[in-house]
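Presented below is the structure to which this report refers.
The values are calculated or read from the model by the stated rules, or taken from the named source; none is laboratory data. Everything quoted here is computed from the prediction, not taken from an experiment. Heads up, the Cβs are rebuilt from the backbone with ideal geometry, glycines too, and the neighbour counts pull from every protein chain shown. When the accessible area is computed, the model is the full protein with side chains, heavy atoms only, and any ligands, DNA or RNA have been set aside. Shrake-Rupley method; radii C 1.70, N 1.55, O 1.52, S 1.80 Å.
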Amino acid sequence: MTQTQEQLVEQARQGSIESFGKLYEQYYNGIVALAYSALGEMGLAEDAAQETFAIACQDLMKLRDSSKFGGWLGGICRNVSKQMKKKT
């Protein structure tokens, strides 16, 4: 049975590492691409993606609408990329 994004987010909020891992697998490449578009270097983009998912895992309870996970994650990635760009 395939789970929806909303179900995975809700399960991850309840502590399911497996569900968060599935979200990671679904979104990782897109987040790397988003970070790469801002940073222009693959190594930095991969670092930004890792940082994005670490923040998302920590702040998942702050997400009000599970259906907005992708946009929320993208916003985190843009902020992380912006901060990394300032440092380089």
In deg cm²/dmol, rounded to the nearest 500, the helical mean residue ellipticity at 222 nm of the chain, built from -39500 (n - 2.57) for every DSSP H run of length 4 or more, is -26500 deg cm²/dmol
Under 19 Å by backbone N from the virtual spin label 7 Å along Cα-to-Cβ at Lys87, the residues of region 36-71 are 36-59
A correct Karplus calculation of ³J(HN,Hα) over region 63-75, with 6.51 cos²θ - 1.76 cosθ + 1.60, θ = phi - 60°, whole Hz and x for Gly and Pro, returns 6, 7, 10, 4, 6, 9, 3, x, x, 4, 5, x, x
Using a Cα-Cα cut-off of under 15 Å, which aspartates and glutamates could be cross-linked to Lys86, ignoring same-chain neighbours fewer than 8 residues away? Glu41, Asp47
0 to 90° range, to nearest 10: angle between helix 42-59 axis and the chain longest Cα axis: 40
Where a ≥ b ≥ c are root eigenvalues of the Cα gyration tensor, a/c under 1.5 meaning rounded, otherwise prolate if a/b exceeds b/c and oblate otherwise, the chain counts as prolate
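Within region 1-76, what whole-number % of the accessible surface is contributed by carbon and sulfur, with the 1.4 Å probe and all protein chains included in the calculation?
About 51 percent, which is the carbon plus sulfur part of the accessible surface.
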Report the trypsin sites (Lys or Arg not before Pro) located in the chain that are in a DSSP loop and have at most 14 other Cβ atoms inside 10 Å of their Cβ, or state none. Arg64
³J(HN,Hα) computed for each position of region 83-88 - Karplus, 6.51 cos²θ - 1.76 cosθ + 1.60, integer Hz, glycine/proline x: 5, 5, 5, 4, 6, 9
To the nearest 10 degrees, how steep is helix 17-39 against the longest Cα principal axis of the chain, on a 0 to 90 scale? 20
Of the residues Ile17, Thr52, Ala38, the Cα lying farthest along the dipole of the chain towards its positive end, which is defined by charges on the beta carbon of Lys, Arg, Asp and Glu, belongs to Ala38
Ignoring ligands, DNA and RNA, what accessible area per residue does the chain give at 1.4 Å, in Å²? 63
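Please go through region 29-88 and write out the GluC sites (Glu not before Pro) that DSSP classes as loop and that have at most 14 other C-beta atoms within 10 Å.
Those that pass, being in a loop and sparsely packed, are Glu41.
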State to the nearest 20 debye the size of the charge dipole of the chain about its Cα centre, where the only charges are +1 on K and R beta carbons and -1 on D and E beta carbons. 420
